[in-house]
Each structure stands twice: as structure tokens, then as C-alpha cells.
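Here the structure comes first, spelled out in C-alpha cells, and everything after it is commentary.
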Amino acid sequence: TDENVWTNVGAGSGDVEPFSLAGLAYGYCCGGQPATNKIDKTSFTSDGNSTDAGDLIGNLSGGASCSDGTYGWIAGGSIPPNTDVIQKFQFVTDANTTDIANLIGAIQLASGCNNADYGYAVGGLGGPISNVIQRWAFVSTANAVDVGDLTLATRGGCGCSSGTHGFAVAGENTGPTTQYTDTIGKFSFATATENAVDHGDLAVTRKACAGNSSDTYGFVSAGSGTGGVMNNIDRFAYASNTTATDWADMTEAKYVVTGTPSTTYGYQQGGGYPVINTVAKFPYASQTNASDVGDLTASRMEPCGTQY
């Protein structure tokens with residue numbers, strides 16, 4: 001015939017579906033201050049209070065977190081001092097983390113991004129503020145490698161991930177003088193040698209914010225800016241290079257909070273200041289403010305979050 005016709009026979013493996021960063025079952029809040037090694041988990045299907053799901057290798061705050069769908073990954077952070085350890089824990093059964101590999105140097109307050117195959121720790125503080133994008137493979141115990149640079153050296157921002165790109169959002173940069181930024185930097189997952197490009201700006205500058213990723217949008221919640229601690233939730237599109245919009249509000253103004261995305265809601269856990277134990281969520285589909293849906297096992301700020 002003049003046409004190519006493809007016919008699927010059999011059930012297929014299902015592996016052709018694009019990787020989704022969002023979780024279906026649980027969000028995890030890992031470490032934080034006051035110094036703790038606890039991993040809390042919160043149900044995405046019933047909400048309610050969190051439960052203790054395991055322990056990190058040691059007390060840790062300010063790590064970069066990722067999810068490969070089977071394991072939660074935590075890279076770097078402050079013990080103190082800063083650490084270069086990449087650790088992971090299994091989702092299916094509550095379990096402690098194990099030491100898997102190392103970053104290229106000890107670093108805290110990096111942003112975490114990932115696709116199905118690689119975890120990324122972006123920027124951070126390891127002496128001077130860093131502009132390095134480093135990644136490691138989920139399927140091996142090889143150490144992380146340098147795969148590119150951000151448009152700005154930043155610490156204390158947040159990460160969002162689409163199916164094809166990582167987004168390093170906001171934070172504190174070296175300036176010519178140290179200052180907050182509203183920059184959204186974008187880098188490709190497809191290449192290991194490409195620097196980030198400027199994808200757009202947030203509605204307001206901030207650091208110490210929480211990132212949540214839907215299939216088509218990144219959401220950035222809370223943080224600290226020139227006007228103080230904030231409750232804003234900004235939304236930006238993955239497909240277009242435009243300024244983010246003010247989407248909704250948190251339950252309260254806070255910063256040093258972590259985000260754990262489900263398929264339909266963005267969750268924020270913990271934060272300060274003062275230190276709180278709140279678990280809140282907001283819908284992706286409508287401009288509705290966040291609501292309080294439960295409590296962590298203990299108040300904490302500067303944790304890192306992942307999801308399953």
C-alpha cells in the first residue's frame with residue numbers, strides 16, 4: 001500500500017510511556033532542622049498526618065532530592081559540615097538510606113532535578129556559590145560528573161522537572177553582590193555537555209522556596225525575598241519562555257520549605273520561621289489557595305522532599 005500501518009499485537013511492556021516525576025502514593029520529607037535524620041511520609045490518597053518511614057545516614061539539612069520511581073535519592077546537604085554523599089532509600093518498604101556514590105564536592109542547598117535515568121544536583125553552596133550542573137546515573141554506583149553550568153551561580157533555589165528538561169529556579173546568587181534572583185534556568189536532559197539557558201523569570205525574586213512539577217507547569221511556593229517571608233505560589237509553563245504568573249497563596253508565609261508533587265496537587269512540607277510541622281497542598285488545575293492537610297511527625301525547616 002501507499003501507507004505504513006502499524007498494528008500493536010499483545011499487551012506491550014508499557015515502557016513507552018513518558019517518565020512522570022509526580023507521585024501517586026506518598027510524599028517524603030527528609031531531614032531538616034532542628035537537626036534530624038528522620039524520613040516522614042504523607043499519603044497522597046488520604047492526606048492526614050505523616051508517619052516515620054526510615055532514617056537518613058545521619059542528621060542532614062539542605063540536600064538535593066530526586067525520585068526514580070523506585071527509590072528516593074538525597075544528594076549532598078549539611079551535617080554540618082557539608083557532605084558529598086549521594087544516598088537512596090526504597091519506597092516499597094519503609095527503609096533507611098544507604099550510601100551509593102558521591103558528588104564532585106561537598107555541597108548544600110543545591111536544587112534537585114531528574115528524569116527516569118539520572119539525578120541532578122544543581123548549583124548550591126560548597127565554599128563559593130556554585131553554577132555547576134552535576135548528574136549521576138540511577139542504575140550504577142558511579143560518582144556524579146559535571147555536565148554543564150547555570151546562567152547564574154545560585155544556592156537555596158528549587159528544582160522542577162519536565163519530561164525533557166530540568167529547571168533551576170530562583171535562589172541567592174553572587175551578583176556583583178549577593179542578592180535574590182527570579183531567574184528560571186533550563187537545561188536539557190538529552191545531552192551531558194549543555195549549559196543552562198534563561199527560560200524566563202518568576203513573578204517575584206525569592207530564595208528558600210519549594211518546587212512542584214506537573215506535566216506541563218512548574219510551581220514555586222513560598223520563600224524569602226526583599227520584602228521578607230512570602231506566601232506566593234508562582235506558575236510557569238515548560239513550553240514557553242515567559243514570566244511566571246502569581247497562581248495562588250500558601251496557608252501561611254514561610255521559607256526553607258520542601259515540595260513533593262503528586263499527579264494533581266503540589267504538596268509543601270515543613271518550613272519556618274518559626275519552625276512548623278504543616279503539610280499543605282494546592283491543586284494544579286485551578287487558582288485555589290493551599291489548604292492544611294496534616295502534620296509532620298515533628299516541626300522542621302530546610303528538609304528535602306521526594307515522592308513515589
Report task. Pop out the ³J(HN,Hα) list for the range 290-304 in order, Karplus 6.51 cos²θ - 1.76 cosθ + 1.60 with θ = phi - 60°, rounded to Hz; leave Gly and Pro as x. Result -> 5, 10, 7, 10, x, 10, 5, 5, 7, 5, 6, 10, 6, x, 10
Requested in this report: Show the residues, 5+ positions off or on another chain, whose built amide H is closer than 5 Å to the amide H of A203.
Outcome: A244
Query raised in the report: Could you give the nm distance between label points at S291 and D117, where each point is 7 Å from its Cα heading toward the beta carbon?
Result: 4.1
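Rounded, prolate or oblate: which one fits the range 175-308, using the alpha carbon gyration tensor with axes a ≥ b ≥ c (rounded when a/c is under 1.5, else prolate when a/b beats b/c, else oblate)?
Working: a/c = 1.61, a/b = 1.33, b/c = 1.21.
Prolate, because a/c is 1.5 or more and a/b exceeds b/c.
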**Report entry** Listed peptides 301-307, 42-48, 137-143 by packing density, highest first (mean Cβ within 10 Å)
**Finding:** 301-307, 42-48, 137-143
Query - Nonlocal amide H pairs with T251, under 5 Å, H built at 1.01 Å - result: A290
Query raised in the report: Among the lysines, which fall within straight-line cross-link reach of K186, defined as a Cα-Cα distance under 18 Å, with same-chain neighbours fewer than 8 residues apart omitted?
Result: K207
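Please work out whether the chain counts as rounded, prolate or oblate from its C-alpha gyration tensor, where a ≥ b ≥ c are the square roots of the eigenvalues and a/c under 1.5 means rounded, while otherwise a/b larger than b/c means prolate and anything else oblate?
Working: a/c = 1.22, a/b = 1.18, b/c = 1.04.
Rounded, since a/c falls under 1.5.
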**Report entry** Proximal aspartates and glutamates relative to K88, as straight alpha-carbon distance under 12 Å, when same-chain residues fewer than 8 apart are discounted
**Finding:** D55, D68, D99
Report task. Hey, can you grab everything whose amide H is under 5 Å from the amide H of I57? Only 5+ residues off in sequence or another chain; H modelled, so Pro and N-termini drop out. Result -> T97
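Which shape class, rounded, prolate or oblate, goes with the range 96-233 when its Cα gyration tensor gives a ≥ b ≥ c as root eigenvalues, a/c under 1.5 marks rounded, and past that a/b bigger than b/c marks prolate? Before the final figure, lay out the partial values.
Details: a/c = 1.66, a/b = 1.43, b/c = 1.16.
Prolate, because a/c is 1.5 or more and a/b exceeds b/c.
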**Report entry** Per-residue HN-Hα couplings for the range 227-237 [Karplus 6.51, -1.76, 1.60; θ = phi - 60°; Hz; x = Gly/Pro]
**Finding:** x, x, 6, 10, 10, 5, 10, 9, 10, 10, 8
Report task. Using Cα positions and a limit of under 16 Å, work out the aspartates and glutamates in reach of K254, with same-chain residues fewer than 8 apart set aside. Result -> D234, D292, D295, E302
Query raised in the report: To the nearest Å, what is the center-to-center distance of the range 87-131 and the range 245-308, using C-alpha atoms only?
Result: 21
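Can you tell me how much longer the chain between S46 and T243 gets when fully stretched, taken as 0.36 nm per residue apart minus their C-alpha distance, in nm with one decimal? Mind dumping the intermediate values first?
Numbers: separation 197, 0.36 × 197 = 70.92 nm, distance 3.43 nm.
Contour length minus the Cα-Cα distance gives 67.5 nm.
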Query raised in the report: Among 146-155, 258-267, how do they line up from the highest to the lowest mean number of other beta-carbon atoms within 10 Å?
Result: 258-267, 146-155
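Using per-residue counts of other Cβ atoms within 10 Å, averaged over each peptide, order 247-257, 118-128, 196-206 from highest down.
On the way: 247-257: 21.7, 118-128: 23.3, 196-206: 20.2.
Result, highest mean Cβ count within 10 Å first: 118-128, 247-257, 196-206.
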Requested in this report: Calculate one ³J(HN,Hα) per residue across the range 126-135 by plugging θ = phi - 60° into the Karplus curve 6.51 cos²θ - 1.76 cosθ + 1.60, and present them in order as whole Hz with x for glycine and proline.
Outcome: x, x, x, 5, 9, 10, 7, 9, 10, 9
Report summary line: Put V145, V279 in order of accessible area, largest first, probe 1.4 Å, and you get V145, V279
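The values are calculated or read from the model by the stated rules, or taken from the named source; none is laboratory data. Owing to the predicted nature of the structure, the values given are computational and were not obtained by experimental measurement. Using ideal geometry, Cβ is built from the backbone for each residue, glycine included, and neighbour counts are taken over all protein chains shown. Ligands, DNA and RNA are stripped out before the accessible areas are found, and what is left, the full protein with its side chains, is counted by its heavy atoms. Shrake-Rupley method; radii C 1.70, N 1.55, O 1.52, S 1.80 Å.
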